[in-house]
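Working notes for the structure below.
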Amino acid sequence: MRDSTRQLRVLGVGLEILVPILVLVVWGLFSAQSSSFYFPPLLDIFRAFGDTWLFERVDSDVLPSLGRMFAGYAIAVVAAVVLGVALGSSKTLGRIVDPVVQFLRAIPAPVLIPAGILVLGVGSTMKVALIAFVCLWPVLLNTIDGVAGVDPALRETARSFQITPADRLFHVILPSAAPQIFAGARVALSLAVIMMVVSEMVASTNGIGYFVLQSQRTFAITAMWAGIFLLAILGYVLNVLFLLVERKALRWHRGARAGAG
Amino acid sequence: MLRVEHLKKVYGQGTKKAFEAVSDLTFTIDERELVCIVGPSGAGKTTLLKMIAGLLPQTSGAVHLDGEKVVGPPEKMALVFQDYSRSLYPWMTVEQNVAFPLKRKKLGKSEMATLIRDTLQSVGLSGHGQKYPWQLSGGMQQRVAIARALAYQPEILLMDEPFASVDAQTRADLEDLVLDLRDRYGITVVFVTHDIDESVYLSDRVIVLTPSPTRVQEIVDIPLPRPRDQVETKELPDFAHLRAYVWRSIKRPEPAEVPA
């Protein structure tokens, strides 16, 4: 029994690594003889990838992109958690603000770029602000939900032991809401990547999005594909890193759920 | 001493759905006494306990603890809830759970460690301090909740159907643990239960409540010898009589109209 589950796990991990490699190999083989201008051989794309991203344009494009993304993301998460705790703690307040929140979050953020350019200019401030705007909503809504949903028994226990408000916030309410906050933050992370790219395509002089668009406009198609590749890798790596942090922070949550089930 | 005077609780007062959960309760509980509160289900037992604990404001009447009116959770009081799985913090280890309410007591580091170690030992959880609650069985989790309450060093321990969701054998063990801890720590215990055997086995006195809107049906003295023993006490003829007496008291139809 134990042997077979272990074999299954080894098989699973093996396939996880093998399948992507297989896809790349098949793609490489099929495209090797390609003379299409738009779909260059995979190996050429890899070569372009190496030339551009390792590490020539890291300083000029990758770092500015990532810097703006993380700045916007961090602002959003902090603001969303602070606001979410306030709105989640008071039913009345939550209800009053809900229509406004729903209205604002319904705005597709890219449409704010023209307005953002007018108000904040074409620089990094506008991009950071828009990334923060996009990332705010999923974290905010999940935090409100998580805070409002803290088990009354946990709150009452804290009250009966006269736990101070600060300790209640940091050791009862936030940990209890953490699984939902993390879920929102994960959605926000992928939105951050998208908004980073979009904002760089409209008004920018550097960044990965700018590079991809510029490559396309100058018919540097392999470079364009290389840029897309980099974005995919970035998204993947960010997600993996996020899951690692989440796993560590919410170890108790998985254990508690497994214990209950 | 705990004094409950003309305590009354109406939910949603002034609205159409106003519901009188507790009508008029008066009783006192002496220091170091172990009193069980029993009553038919829906008798407002938990409502009563929450008012005593200062977690729920009463509509009228008052609760006094050592002469002081209870308006919020008193420092001399600790609470053990029925649902241990929801009252222990799953992101804290056993030790952290026990230590959490002690932060404001400003104990020294070694003093704190000793207190935690001693209380865990007294509930039979030595060596489990580093585990998380969800890694323990139900009975052990309830022991953690009891340890947390004891480490808080209360004068009075309120327990709300604490053993309702553990199996019979564990329940017997935990009952004996409560008796043992009461003797060792010299604390007053107010124990809400719907189990008549449990109430007779544990108590010095049993307070029988009427169905909602709740009044005191009767207060029954339990003069069974101590120390009590799960087998010997329960085979005493007196135990059987008291048990039957409390049973009938609960089942008795609404007492004659209360004289005006």
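Enumerate the helices (runs of 4 or more DSSP H) found wholly within the range A:145-261, keeping only those where 3 or more residues are touching a residue at least 40 places away in the same chain (Cβ under 8 Å) and over 30 Å from A:L118 (Cβ atoms).
Values: elements: A:152-160, A:165-168, A:174-202, A:208-217, A:221-249, A:251-260.
Fully inside the range A:145-261 and qualifying: A:174-202, A:221-249.
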Is it the case, given these coordinates, that B:D195 is within 30 Å of B:M112 (Cα to Cα) and surrounded by fewer than 19 Cβ atoms within 10 Å (Cβ to Cβ)?
no
Cβ pairs under 9 Å, 6+ apart or interchain, first in the range B:89-116 and within 12 Å of another protein chain (Cβ to nearest Cβ), second of a type in the set (S, T, Y) and surrounded by fewer than 20 Cβ atoms within 10 Å (Cβ to Cβ), ordered by first then second residue, are B:K103/A:T164; B:R104/A:T164
Count of the range B:117-159 residues which are surrounded by fewer than 20 Cβ atoms within 10 Å (Cβ to Cβ), within 14 Å of chain A (Cβ to nearest Cβ) and polar (S, T, N, Q)
4
Please find, among A:L213, A:L244, the residue that is crowded, with 18+ Cβ neighbours inside 10 Å and over 26 Å from A:S89 (Cβ atoms).
A:L213
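Based on this model, can you work out whether A:A166 counts as within 14 Å of chain B (Cβ to nearest Cβ), out of contact with any helix residue (DSSP H, G or I) (no Cβ under 7 Å at 6 or more places or on another chain) and among the aliphatic types (A, V, I, L, M)? Steps first, please.
Working: within 14 Å of chain B (Cβ to nearest Cβ): yes; out of contact with any helix residue (DSSP H, G or I) (no Cβ under 7 Å at 6 or more places or on another chain): yes; among the aliphatic types (A, V, I, L, M): yes.
Taking the combined requirement at face value, the residue satisfies it.
Identify, please: which residue in the range B:64-88 is assigned to a loop (DSSP other than H, G, I, E, B) and facing chain A (nearest Cβ under 7 Å) and is, among those, surrounded by the fewest Cβ atoms within 10 Å (Cβ to Cβ)?
The first filter runs over the range B:64-88 and keeps only residues assigned to a loop (DSSP other than H, G, I, E, B), leaving B:66-67, B:70-76, B:81-83, B:88.
When the remaining residues are screened for being facing chain A (nearest Cβ under 7 Å), the result is B:73, B:75, B:81, B:83.
Working: B:P73: 19, B:E75: 15, B:F81: 24, B:D83: 17.
Taking the candidates together, the pick is B:E75.
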What is the one condition in (1) assigned to a loop (DSSP other than H, G, I, E, B); (2) closer than 30 Å to A:L169 by Cα that B:A99 does not satisfy?
(1)
Looking at A:T143 and the list (1) among the polar types (S, T, N, Q); (2) surrounded by fewer than 20 Cβ atoms within 10 Å (Cβ to Cβ); (3) within 30 Å of A:Q102 (Cβ to Cβ), which single condition is not satisfied?
(2)
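Since every read-out is calculated from the coordinates, none of them should be taken as a lab result. Quick caveat: nothing in here was measured; it's all calculated off a predicted structure. When we count neighbours, we look across all protein chains shown, and the Cβ atoms used for this are built from the backbone with ideal geometry, even at glycine.
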